[in-house]
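Working notes, beginning with the structure itself.
The values are calculated or read from the model by the stated rules, or taken from the named source; none is laboratory data. These figures come from a predicted structure and were not determined experimentally. As a convention, Cβ positions derive from the backbone with ideal geometry for all residues, glycine included, and neighbour counts pool all protein chains shown.
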Amino acid sequence: MKKTIVFDLGGVLIDWNPRYLYRKLIDDEGDIDIFLTEICSSEWNVKQDAGRSLAEATAERVALFPEKQSLIEAFYDRWEEMLGGEISETVEILRELKANGEKLYALTNWSGETFPVARDRYKFLHWFEGTLVSGVEKLAKPDPAIFHLLLNRFELQAEHCLFIDDSKTNIEAASKIGFDTHHFTSADELRKYLSQGNLL
């Protein structure tokens, strides 16, 4: 039986990095590290991926760090400037898989408020037969519930799916449910893996 292939988006198909914005706003790389570790951290951002509103998230940080208000507000006001573009080598793999008739789905940790911006920008996001966005569902990887939701909504079976993600934690969660998995590190390694499995 052919595999259904489920892609993560950020870090696999789309280059997203807050530093692209904050290098325009903060001169010192060390100060950027502090800001993105202690103020607008990945732990803070993932709450928006799990469904918290951007307005609530921004207000919470501003209340805690009022002296950084303008920098905090820029995180979502200028969010598009964090998009570095598509990862073209992986998008080419996606294109080939689609041309081969593989079933393609996306499972992404992404704010439901910002995802439409990416969907409008990147045509390949319309190539999937179905996409599950964590911020819309108010569930985020690695919570097993979002993997089960993917399977139930699109009538898939884990043992017939290959899940590709750049997060080892997410890969481990999917594997426990029964997915075949590939921990994404580069397009070249992904191509080798898919070729070995006769998917490319």
Checklist entry - Counting just the residues of the range 145-164 that are closer than 11 Å to ILE5 by Cα and among the aliphatic types (A, V, I, L, M), which one comes out nearest to the chain's Cα centre (by Cα)? => result ILE164
Next on the checklist: Going by what's in this entry, would ASP27 be described as at pLDDT 95 or above and either in contact with a Gly (Cβ under 6 Å, 6 or more places away or on another chain) or exposed (fewer than 13 other Cβ atoms within 10 Å of the Cβ) (or both)?
Outcome noted: yes
Checklist entry - Among the numbered criteria (1) farther than 20 Å from LYS3 by Cα; (2) without any contact (Cβ under 8 Å) to a residue 24 or more places away in the chain; (3) hydrophobic (A, V, I, L, M, F, W, C), which single criterion is violated by ALA118? => result (2)
Item to check | Entirely in the range 14-81, the helices (runs of 4 or more DSSP H) that have 2 or more residues that are touching a helix residue (DSSP H, G or I) at 6+ places or on another chain (Cβ under 7 Å) and more than 27 Å from ILE164 (Cβ to Cβ) | outcome: 19-25, 54-64, 69-77
Item to check | Residues being over 13 Å from VAL12 (Cβ atoms) and in contact with a strand residue (DSSP E or B) (Cβ under 6 Å, 6 or more places away or on another chain) - total across the range 169-192 | outcome: 4
Checklist entry - Within the range 34-46, is there a residue that is surrounded by fewer than 17 Cβ atoms within 10 Å (Cβ to Cβ), within 30 Å of HIS126 (Cα to Cα) and β-branched (Val, Ile, Thr)? => result yes
Item to check | Residue list for the range 97-136, filter: among the polar types (S, T, N, Q) and either assigned by TED's automatic domain parsing to the domain that holds TRP44 or surrounded by fewer than 19 Cβ atoms within 10 Å (Cβ to Cβ) (or both) | outcome: ASN100
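From the set of residues in the range 54-96 that are hydroxyl-bearing (Ser, Thr, Tyr) and surrounded by 15 or more Cβ atoms within 10 Å (Cβ to Cβ), which is farthest from HIS126 (Cα to Cα)?
Going residue by residue through the range 54-96, those that are hydroxyl-bearing (Ser, Thr, Tyr) are 58, 70, 76, 88, 90.
Still in the list and also surrounded by 15 or more Cβ atoms within 10 Å (Cβ to Cβ): 58, 76, 90.
Working: THR58: 30, TYR76: 24, THR90: 15 Å.
Per the stated criteria, the residue is THR58.
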Checklist entry - Among LEU21, LEU71, which is in contact (Cβ under 8 Å) with a residue 60 or more places away in the chain, over 26 Å from GLU137 (Cα atoms) and outside the structural domain of LEU156 (by TED's automatic domain parsing)? => result LEU21
